1. Taking V36 as the residue in question, decide whether it is at negative phi, β-branched (V, I, T) and at pLDDT below 95.
2. Counting only residues that are over 16 Å from A95 (Cβ atoms) and of a type in the set (A, V, I, L, M, F, W, C), which one in the range 43-60 is surrounded by the fewest Cβ atoms within 10 Å (Cβ to Cβ)?
3. Would you say R67 is of a type outside the set (D, E) and surrounded by 10 or more Cβ atoms within 10 Å (Cβ to Cβ)?
4. Looking at (1) under 27 Å from the mean Cα position of the chain (by Cα); (2) in a helix (DSSP H, G or I), which one does S80 not meet, given that it meets all the others?
5. Taking the range 80-124 as the search range and keeping residues that are exposed (fewer than 12 other Cβ atoms within 10 Å of the Cβ) and β-branched (V, I, T), which one is modelled with the highest pLDDT?
6. What are the residues in the range 57-94 that are without any contact (Cβ under 8 Å) to a residue 24 or more places away in the chain, closer than 29 Å to Q40 by Cβ and basic (K, R), if any?
7. Scan (1) surrounded by 12 or more Cβ atoms within 10 Å (Cβ to Cβ); (2) farther than 30 Å from K100 by Cα for the single condition T37 breaks and write down its number.
Amino acid sequence: MRVQLERCCGEWRELEEEFRQLQETHKVYRQKLEEVTSLQTACSSSIHRQKKTLRDLKHSLQRCKPRATPEEFALIQQISTQIKERQNAFFDMEAYLPKKNGSQGLCNPGGQEMLIQSKPSQGT
């Protein structure tokens with residue numbers, strides 16, 4: 001019986017050490033998750049602001065077209081092309097950010113924010 005108890009105590013000490021390591025790893029994980037969440041929020045906000053400003057600029061340029069000289073018209077076309085390229089860049093950036101009402105969601109069990117992704121549907 002004593003040998004078995006000593007073995008149990010040894011296992012318990014190993015588990016305690018593993019648990020301490022787990023706690024440290026989890027602490028680092030939470031810090032990194034907070035960093036990532038903060039970066040995601042910053043990127044999403046900036047993209048949203050840029051899109052709104054570009055949309056307004058695009059409408060302003062459209063209003064300038066009818067009265068534009070050939071040189072001005074060429075400049076308007078050049079800026080419009082660059083706006084389209086920028087919108088494509090935003091699309092690429094957003095592919096790496098969580099969707100607000102899409103296939104991903106955030107939940108907060110026990111104060112810990114988690115990203116939940118649904119599995120893509122399989123074709124039949």
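The values are calculated or read from the model by the stated rules, or taken from the named source; none is laboratory data. In this text the structure is predicted, and so the values were computed from the model without any measurement. Because the Cβ atoms are built from the backbone with ideal geometry, glycine has one as well, and the counts that use them run over all protein chains shown.
1. Values: at negative phi: yes; β-branched (V, I, T): yes; at pLDDT below 95: no.
In short, no.
2. In this case the residue turns out to be L57.
3. It is false that R67 is of a type outside the set (D, E) and surrounded by 10 or more Cβ atoms within 10 Å (Cβ to Cβ).
4. (1)
5. T81
6. Selection gives K84 alone.
7. Every listed condition holds for T37 apart from (2).
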